Amino acid sequence: MSTASFSVPTEVVTGVGSLNQLPSLLARYEASKVAIAVDAALVSNGLLDVVLRHSPALEPVAILPLPANPDVQSVEECGATARARGANAVVAI
């Protein structure tokens, strides 16, 4: 039996002022087609709008609604939507 390994680059940026880094992070990863994963509470309280206003060049190919504490199926469905729409990066809020 053979084994294999792979690495998926993931960067988590948090804290005060982290939103200021979003444009440069997207540029560094050459993320031109971004899907945004967000739960309904963050949409209704306006946080998604804040993120979009803060990064005017960001034109998401998909907004991926997730329930709070999503299960595996919900995440897989969002991933499938992101891939189908050609996303080359996901920003999770």
Could you give the distance between the Cα centres of region 71-93 and region 32-61, to the whole Å? 14
The set of residues whose placed amide H lies less than 5 Å from the amide H of A89, leaving out same-chain residues fewer than 5 positions away, is K33, A35
Based on Cβ point charges of +1 for Lys and Arg and -1 for Asp and Glu, what charge dipole magnitude is obtained for the chain about its Cα centre, in debye rounded to the nearest 20? 240
Between R85 and V16, take the C-beta separation as r, use R0 = 35 Å, and let me know the FRET efficiency to the nearest 0.05. 0.65
Mean accessible area per residue over region 1-80 (1.4 angstrom probe, all protein chains present, square angstrom) is 73
The answer for the net charge of residues other than P70 whose Cβ lies under 13 angstrom from its Cβ, with Lys and Arg +1 and Asp and Glu -1, is -4
Report in % the part of the accessible area of the chain that belongs to carbon and sulfur, leaving out ligands and nucleic acids; probe 1.4 Å. 56
Of the listed values (i) -0.26, -0.43, -0.57, -0.71; (ii) -0.22, -0.36, -0.49, -0.63; (iii) -0.29, -0.48, -0.63, -0.79, grab the one calculated as log10 I(q)/I(0) by the Debye sum over Cα atoms at q = 0.10, 0.13, 0.15, 0.17 Å⁻¹ from the structure here. (iii)
Rounded to 10°, Cα long-axis angle of helix 72-84 versus longest principal axis of the chain: 80
Length-normalised contact order of the chain in % [C-alpha pairs under 8 Å, at least 6 apart]: 37
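The values are calculated or read from the model by the stated rules, or taken from the named source; none is laboratory data. What you see is a predicted model; the values in this text were computed from it and never measured. Cβ sites come from the backbone with ideal geometry, for glycine too, and all protein chains shown count toward neighbours. Accessible surface areas use protein heavy atoms only, side chains included; no ligands, DNA or RNA. Shrake-Rupley method; radii C 1.70, N 1.55, O 1.52, S 1.80 Å.
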